[in-house]
Amino acid sequence: MKERIQKFGRFLSGMVMPNIGAFIAWGFIAALFIADGWLPNERIATMVSPMLSYLLPVLIGYTGGRMVADQKGAVAGAIATLGVIVGAGIPMFIGAMIMGPLGGYAIKKFDEAMEGHVPAGFEMLVNNFSVGIIGGALSIVAMFIIGPACELLTGALGAGVGFMVNHGLLPFTAILVEPAKVLFLNNAINHGVFTPIGLEQAQQVGKSILFMIESNPGPGLGLLLAYCVAGKGSSRSSAAGAAFIQFVGGIHELYFPYVLMNPILILGPMSGNFVAILVLSILGGGLKAAASPGSIIAELLMTPRGAYFANICGIAAGCAVSFVVTVALMKLFVRESEGDFEAAQAQLAADKAAAKGQAVDVSAGVYVDPNDVKKIVFACDAGMGSSAMGATMLRNKLKSAGIADITVVHAPVSEVPKDCQIIVTHHELSARAANDNPGVRIIPIKNFMGAPEYDALVTEMVEGRGAAGAKSAASVHADASERVQKGEILLKKENIRLGCKPVAPEQAIRDCGRMMVEAGIVEEGYIEGMIERNKEFPVAIGNHVAIPHGTNEARKYIIKNGLVCMTYPEGIAWDEDTVKLVIGIAVKDGGDHVDVLGSVAEAADTEEATDALVGSGDLDAIYKKLNGLA
């Protein structure tokens, strides 16, 4: 059951996460320019409704279709999603999550049925007409069946909320309010259910708690802060901005996608709101009128005299409980599903594959004959540092084993070449790699430098196929010497600093960035990009090595390609590792840094090798070793 929840959550995440930027754009425009916003502008505000009703659902449907059947599935999914939008009178995010993948699935099955039956020269005609006809048919079905069904479901949730309010079960309204909000019924619930009843209470006693049940920004803030702490990659990096807009701007819709990508997390804001309503009831909280939008500023402006303490406690309690519950759920269902669980599953599959002489995709059960493996891709978040070193290590191991006809490249996890058969990536990125590359074998690893999976994969390839030829070490050194003569060495002696005293990881990154600035490699802005990269994805890669580098957005601050090196003989405590060798990377374009990283990988292929290299304190020896000259 747990595995199914994890798999379902990963699939939803794959539909929602690529479109978070569009949700933030919509939230930003809504927070500023609607009638109740901070800078009301009637003309700009006209974009808010079409973005919510059409743009966002179509993007989700398009992405869902693409996950199932690439570009044709994406187009069919978008067409089918439009039908469910037109067939309902409310935003159709749930409908988009149904119709997008369904459109992709229908196209996929059609293509499978037609394989080998399309006359030569008619492929484009069949492709285009099949997408148009299947997408159009599904849109009609969605318009008359799926859309009304989704609208009926959301209406039932609204009726349930009204029943609880009328029967004095106030805290329990959170059980229905939060799921209904995520279905974008927040305004309907607030203004259609709570506001009319609340206005009557406010006239009698000067305030009503009902105004805070839906508008309380605390539970949503708690969930977004949980993503800031326990999230990974793009979900973590985007959560901070969403949290600010949600809490200060009052656009609660910004936390809905973070729930939709992992539905189990709805229990976080649900628990938070339950406790918040309970605290407000005990302390006598409430507002004198509806807070619209539901921002912390609007909440405080609508708070009557004498109720500030109660309302602030209610908001804080909702945030705290939502945060704690969400973090616990993420560690149990999200982090584990993208980490230890998949790593263990991959190892089990690798053991079975080795016994059969075959490579197996653990996520989809697709067998790959070692003789069919032509390209292996190492993927990391930026495709610049750790993946380049891992690719070099595996490439060298394959060559040493006599296998010369397998191409090993590195790339960002979001830009993996479609013609690869195997992807090697950090276990925290394996879910993204699997979602974007169905049918490709995923090998999750925890250590780009010393991963035992490398040797297992090489053994698997050797046993399952023939091989010939390898580039000799002498040839590699000759290439390096030629680069020196041409002045193409990226790691220069003056950019190597030895015997540094231990500091905190962030300070080590800043010192590394400062060296790059002083060397004329980067501008100041690149340093913050390096700090952000380490927060999103730790740059300590094992074997006592760290490779700080900037985010993709920070590449604009790179003046020229270059590397710097710092050694810490006493070691730095870096996450769960000890780092003694720090290689700072700045690459604006080209792959000329790969040779240096390959030499680093060779020189630091074990913890003992790194320790010996750093402990020598010999500048010439370190310079030659890291540049592949010795």
Per the filter on the range 518-530, residues crowded, with 17+ Cβ neighbours inside 10 Å and more than 28 Å from the chain's Cα centre (by Cα) are ALA519, ILE521
Just wondering, is there one or more residues in the range 531-551 that are surrounded by fewer than 22 Cβ atoms within 10 Å (Cβ to Cβ), at pLDDT 85 or above and either out of contact with any helix residue (DSSP H, G or I) (no Cβ under 7 Å at 6 or more places or on another chain) or not in a loop (DSSP other than H, G, I, E, B) (or both)?
-> yes
Neighbours by Cβ (under 9 Å, 6+ apart or cross-chain): first from the range 433-444, basic (Lys, Arg) and crowded, with 24+ Cβ neighbours inside 10 Å; second in a strand (DSSP E or B) and at pLDDT 80 or above | ARG441/ILE422; ARG441/ILE423
Do you know which residues across the range 364-386 are at pLDDT below 70 and either aromatic (Phe, Trp, Tyr) or under 24 Å from GLY439 (Cα atoms) (or both)?
-> ALA364, GLY365, VAL366, TYR367, VAL368, ASP381, ALA382, GLY383
Go through GLY160, GLY83 for me and flag whichever is at pLDDT 90 or above and either crowded, with 23+ Cβ neighbours inside 10 Å or in a helix (DSSP H, G or I) (or both).
-> GLY83
Starting from the range 309-335, take each residue that is over 21 Å from SER281 (Cβ atoms) and list its partners that are among the hydroxyl-bearing types (Ser, Thr, Tyr), counting only C-beta distances under 8 angstrom and pairs at least six apart or across chains.
-> THR326/TYR227; MET330/TYR227
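For (1) surrounded by fewer than 18 Cβ atoms within 10 Å (Cβ to Cβ); (2) more than 18 Å from ALA243 (Cβ to Cβ); (3) within 30 Å of the chain's Cα centre (by Cα), each residue gets a yes or a no:
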| position | (1), (2), (3) |
| --- | --- |
| GLY268 | no, no, yes |
| GLY272 | no, no, yes |
| LEU287 | no, yes, no |
| PRO293 | no, no, yes |
| ALA298 | no, no, no |
| LEU301 | yes, yes, no |
| PRO304 | yes, yes, no |
| ALA310 | no, yes, no |
For the range 264-286, does any single residue satisfy the condition of being under 19 Å from GLU428 (Cβ atoms), in contact with a Ser or Thr (Cβ under 6 Å, 6 or more places away or on another chain) and in the same structural domain as PRO179 (by TED's automatic domain parsing)?
-> yes
Cβ-Cβ below 6 Å, separation at least six or inter-chain, first residue in the range 253-279 and touching a residue at least 40 places away in the same chain (Cβ under 8 Å), second polar (S, T, N, Q) and crowded, with 24+ Cβ neighbours inside 10 Å: which pairs?
-> LEU254/GLN246; LEU265/THR326; GLY268/SER322; GLY268/THR326; PRO269/SER322; GLY272/SER322; ALA276/ASN216
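The values are calculated or read from the model by the stated rules, or taken from the named source; none is laboratory data. Quick caveat: nothing in here was measured; it's all calculated off a predicted structure. Here Cβ is always computed from backbone atoms with ideal geometry, including for glycine, and neighbour counts include all displayed protein chains.
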